[in-house]
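So the structure is just underneath, and the comments pick up after that.
What follows draws every value from the coordinates through simple rules; no lab data is involved. Everything quoted here is computed from the prediction, not taken from an experiment. No Cβ is skipped: glycine too gets one built from the backbone with ideal geometry, and neighbour counts run over all protein chains shown.
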Amino acid sequence: MNHLVVLAHPRDGSFTREVCRIYIEELAAREHAVVLRDLYAMNFNPVATVDDITGNRTGRVPADIRVEQDHLVWADVIAFIHPIWWIDRPAILKGYIDRVFAIGFAYGHGPNGPVGTLKGKQAILFTSAGSTQEHFDQSGKMQAVRVAQDLGTIEFCGIAMIEHVHFSPVGSRSTPEMVEGYKQRVRDVVRARF
């Protein structure tokens, strides 16, 4: 299968980047094709313009967006790997969605539901947060994340959700044993799903 991995974390050595490394390593071991789009390393411009918004309708899609859309067309599976900041994805990833997942490309409205280039593809999300999982669940934060990302973005575009794997807590509240368990979970998910 062809896997597009969209990574959004600025710091080398972060837990998020380690999840990405393990995910790609496991896919490669199974001889899947992988393309990584590291948004911070690419210095991706997240600010949508009028040309971005109208590009798919006018046939004048900006070159940087066309590259990203071509990667999405190529992919069978799209993986988003990022932390949760302020109950959302990092701004650079939100901007990627705004610019690349444009109407007329990623989605449209048909009489029988979503239509668009991404319909029928699959997605997997790996997210993390510093809050405990109990707090994330009880406060409604996890539900908000799932509505915004799983339902409001992925499934809205007709993409089938494989799984949303969330790691909590990460950072000062996690132990080395917890982190090793999280890493093993990434390996287990790849082995079970692909």
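Across segment 163-181, the number of residues qualifying as buried (at least 18 other Cβ atoms within 10 Å of the Cβ) and in contact with an Asp or Glu (Cβ under 9 Å, 6 or more places away or on another chain) comes to 1. Taking (1) of a type in the set (A, V, I, L, M, F, W, C); (2) surrounded by 18 or more Cβ atoms within 10 Å (Cβ to Cβ); (3) out of contact with any Asp or Glu (no Cβ under 8 Å at 6 or more places or on another chain) in turn, residue 160 satisfies each apart from (2).
Is it the case, given these coordinates, that residue 146 is surrounded by 16 or more Cβ atoms within 10 Å (Cβ to Cβ), at negative phi and assigned to a helix (DSSP H, G or I)? So residue 146 passes the test. Can you find a residue that is in a helix (DSSP H, G or I) and more than 19 Å from residue 127 (Cβ to Cβ) anywhere in segment 9-25? For segment 9-25, residues in a helix (DSSP H, G or I) and more than 19 Å from residue 127 (Cβ to Cβ): present. The set of residues in segment 15-36 that are in contact (Cβ under 8 Å) with a residue 40 or more places away in the chain and surrounded by 13 or more Cβ atoms within 10 Å (Cβ to Cβ) comprises 15, 16, 18, 19, 20, 22, 23, 26, 27, 32, 35. Note on segment 155-194: residues that are free of Cβ contacts under 8 Å to residues at least 60 places away in the same chain, assigned to a helix (DSSP H, G or I) and closer than 30 Å to residue 103 by Cα total 3.
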